[in-house]
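Only one structure is covered here, and it is reproduced in the block below.
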Amino acid sequence: MKARKITPLITFGVMSMVFFLVSGWVSAAQDGKPSPNHAWKDGAEIYAKICAYCHDVQVGPPIRNRELSPDYIRHMVRNGNRAMPAFRPSEIDDESLAKLAEFISHRSTQP
Amino acid sequence: MTSQYIALPKGVLEKDFDTAIRDFRTVLGDASVLTSAEQLAPYIKTMMPVPDGDHTPSAALLATTVEQIQKIVAICNQYKVPIWMISTGKNLGYGSAAPAERGQVVLDLKRMNRILEVDKDLAFALVEPGVTYQQLYDYIKEHKLGLWLSMPAPSAIAGPVGNTLDRGVGYTPYGEHFLFACGMEVVLANGEVLRTGMGSMPNSNTWQVFKWGYGPYLDGIFTQSNYGIVTKFGFWLMPEPPAFKPFVIQYQDEEDIVEIVETIRPLRISGVIPNAVVIAHALYEAPVKAKRSDYVSGPGSIPDEAVYRIMKDHKLGIWNVYAALYGTQEQIDVNWNIVTQAFGKSGKAKILTEQEAANDPAFEYRAKLMCGEMTLTEFSLYNWRGGGGSMWFAPVSQARGSETLKQMALTKQILAKYGLDYSGEFIVGMRDMHHIVDVLYDKTDPEQTKAAYQCFDELLAEFSARGYGTYRVNTAFMDKVAETYGPVQRKVHSTLKKALDPNGIIAPGKSGIR
């Protein structure tokens, strides 16, 4: 069997050099701008990039479409449960956690 | 009088701590200084077999800038308040986000999460401590940089700074992470900011491309240590290869570890197999496919007979060697012939590629780890015993078959004495093997928790008595492991500590250093 082929690299054009101020003199790379501080877009993104890795692959129990209460979800996220780790407000801030709880508890029309 | 804090730092009076907290609030704002039980709950949960109270923090500080950290260490020096740094706080099985000692203030760097630089041509990254592998993965994909990450099994929720500083490992050719570290920025206890290597020179553009700088190499003393607070971290990334061929080789007898290691060592040292290979025992892979309760009930470790039934039912070897080839198709074809000839000699090996194993859930997650794709499927391990108890026992072995067999047999024997299973694997090495064993137990069961503690203690004692050192350990056992490396190393560590942090404010107890 042949090895898995990997999509060829896309050559970037010249991007503008960006400088930013971190104690004076760290410069940005030619290929990417320094990212701003990370912020979650919405509950769906948090679910996909944290929760789904366990809860959608039978590592943890399914949690979507079970009408779990937002308060219960918030408690589990902040305190953890058995092997499930706790998540701090520095990882998922309170506002984002409210969106996540809403996303999980809301019954999806998708199968 | 009842304290308003859920814990206090050792030797610090509450009135002094009050003043320190007030000053922290002035620097960070009220919302970024956490002291209530509810706010601190996520910092307390660990998987270790000790009371959570032993590792309860007094407060948590959410810093976002180097300047804030400089002010924080000044306050800590003034009031002799110890801090414990975390980045993503997902050092699961090694202490999670909790401090080494009760009452330490957690300095939570998760919100310092800017990706400062990713250079496509030179294939390096410079990031802040709170950047997760998922965040960096998304950034690389979004900017089509054609670079691969190497990360540990908690991939998406962990990050390169914390993992590398604790000398963690991954599964690609860049799997020995500290080998690929290049340049740090460190806030010292006196508030000065050090950039290591070429970073010390103003206007240098070689900080992330040349490790050594001039004079003694310093980066190493900021790993597994408490000599400073790393606020920026450079490391090399692997260019995406044109082709990738993951495979698994299965063996049926535990003694076959000798043949596996003797076969694989020359292939690793010569670079025919370039990645951090995993030799996983059946019980490390079984939780992805099987439930323990379907094969055994009641107390005690799982009998070999049940393990063989699991292997048969779920198409596992007793040893499962996961490795991959990387490069052009021509390179892979040549190396594949060498690999299959080497492993084909005895007739014991069963070699499977994606063609045969693509839908196998164990192969699938292992293949993802070997090409830097996010997956947390290895967490299936935690369902094996249930109850959320886990400690990584991590002795180092020579990459010599007879040695790996000895370590496996000794580990299994001690675990069985305490009714625990051997969920082990050997990983990484060219000349060494990190022998990684997940000591899994039910933390909701007091008897099993007590047994797990005693078992881990005995594992450390018996292994060190035979000259087998542990490379990394959870916060409950750091002093014990430090002892095993002898008094001279401890004295040197302590001398460095006193020189760099005379008030002992930075993470006292890390790696047994005070």
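Each value in this text was obtained by applying a stated rule to the coordinates, not by laboratory testing. Since this is a predicted model, take the numbers as computed values, not measurements. For neighbour counting, all protein chains shown are included, and Cβ atoms are generated from backbone atoms with ideal geometry for every residue, glycine included.
Over the C-alpha trace of the stretch A:53-99, radius of gyration and Dmax come out as 10.8, 28 angstrom. For the stretch B:282-342, taking Cα atoms only, Rg and Dmax work out to 17.0, 53 Å respectively.
By the count of neighbouring beta-carbon atoms within 10 Å, fewest first, B:111, A:88 end up ordered B:111, A:88. When each of the peptides B:331-344, B:280-293 is scored by the mean number of other C-beta atoms lying within 10 Å of its residues, the order from highest to lowest reads B:280-293, B:331-344. Relative to the longest principal axis of the Cα atoms of chain B, helix B:361-370 runs at roughly 60 degrees.
Across chain B, the mean sequence separation of Cα contacts (distance under 8 Å, 6 or more residues apart), normalised by length, yields a relative contact order of 16 percent.
Look at the stretch A:86-98: the mean tally of other chain Cβ atoms within 10 Å of its residues' Cβ atoms is 6.
The packing ranking of peptides B:296-305, B:32-41, highest mean first, is B:32-41, B:296-305, where packing means the average number of other beta carbon atoms within 10 angstrom of each residue. Across the options A:48, A:84, A:65, the greatest Cα extent toward the positive end of the charge dipole of the stretch A:32-105 (unit charges at beta carbon of Lys, Arg, Asp, Glu) belongs to A:84. The chymotrypsin sites (Phe, Trp or Tyr not before Pro) of the stretch B:179-265 meeting both criteria, a DSSP state outside H, G, I, E and B (loop) and at most 13 other C-beta atoms within 10 angstrom of the site's C-beta, are B:210, B:212, B:214, B:217. This ranking places B:184, B:198 by how few other beta-carbon atoms lie within 10 Å of each, fewest first, which gives B:198, B:184.
Peptides B:139-149, B:18-28 ranked from most to least packed, by the mean per-residue count of other Cβ atoms within 10 Å: B:139-149, B:18-28.
Cα axis of helix B:133-142 to longest principal axis of chain B: angle in degrees, 0 to 90, nearest 10? With both axes taken from Cα atoms, the answer is about 80 degrees. When all alpha-carbon pairs of the protein assembly as shown are counted, what percent fall beyond 44 Å? Result for the distance tail: 17 percent.
Counting Cβ atoms of other protein chains within 10 Å of each Cβ in B:381-394 and taking the mean gives 2. How big is the gap, in Å, between the Cα center of the stretch A:59-111 and the Cα center of the stretch B:79-108? When both Cα centres are located, 24 Å separates them.
Put in order of Cβ neighbour count within 10 Å, fewest first, the listed residues B:138, B:421, B:121 become B:121, B:138, B:421.
Mean partner shielding of peptide B:462-470, defined as the number of other chain Cβ atoms within 10 Å of each residue Cβ, is 0.
Taking Cβ atoms as reference points and 12 Å as the exclusive limit, the residues near residue B:28 contribute a net charge of 0, counting Lys and Arg as +1 and Asp and Glu as -1. Within the stretch B:81-194, the percentage of alpha carbon pairs spaced more than 26 angstrom apart rounds to 20%. Shape analysis of chain B based on the Cα gyration tensor places the equivalent ellipsoid semi-axes at 38, 28, 20 Å, largest first. Residues whose amide H lies under 5 Å from that of residue A:87, counting only those 5 or more places away or on a different chain, are A:78, A:79, A:80; hydrogens are built 1.01 Å from N in the peptide plane. Of the GluC sites (Glu not before Pro) found in the stretch B:187-276, those in coil by DSSP whose Cβ has at most 14 other Cβ atoms within 10 Å are B:192.
So what is the relative contact order for the stretch A:32-105, in percent, with contacts set as C-alpha pairs under 8 Å and at least six apart? After rounding, I find 43 percent. The Cα center of the stretch B:6-59 and the Cα center of the stretch B:205-258 differ in position by 33 Å. Rounded to the nearest 20, the Cβ-based charge dipole of the protein assembly as shown about its Cα centre (Lys and Arg +1, Asp and Glu -1) stands at 460 debye. Between the helical axis of B:257-269 and the longest alpha-carbon principal axis of chain B there is an angle of about 70 degrees.
Computed 3J(HN,Hα) for the stretch B:99-115, one whole-Hz value per residue from the Karplus formula 6.51 cos²θ - 1.76 cosθ + 1.60 where θ = phi - 60°, is x, 5, 10, 3, x, 5, 8, 6, 9, 8, 9, 4, 7, 7, 10, 8, 8, glycine and proline marked x. Helical content of the protein assembly as shown, expressed as a calculated mean residue ellipticity at 222 nm, amounts to -9500 deg cm²/dmol (DSSP H runs of 4 or more residues, -39,500 (n - 2.57) each, divided by residue number, nearest 500).
Applying both filters, DSSP loop and at most 11 other Cβ atoms within 10 Å, to the trypsin sites (Lys or Arg not before Pro) of the stretch B:341-423 gives B:345.
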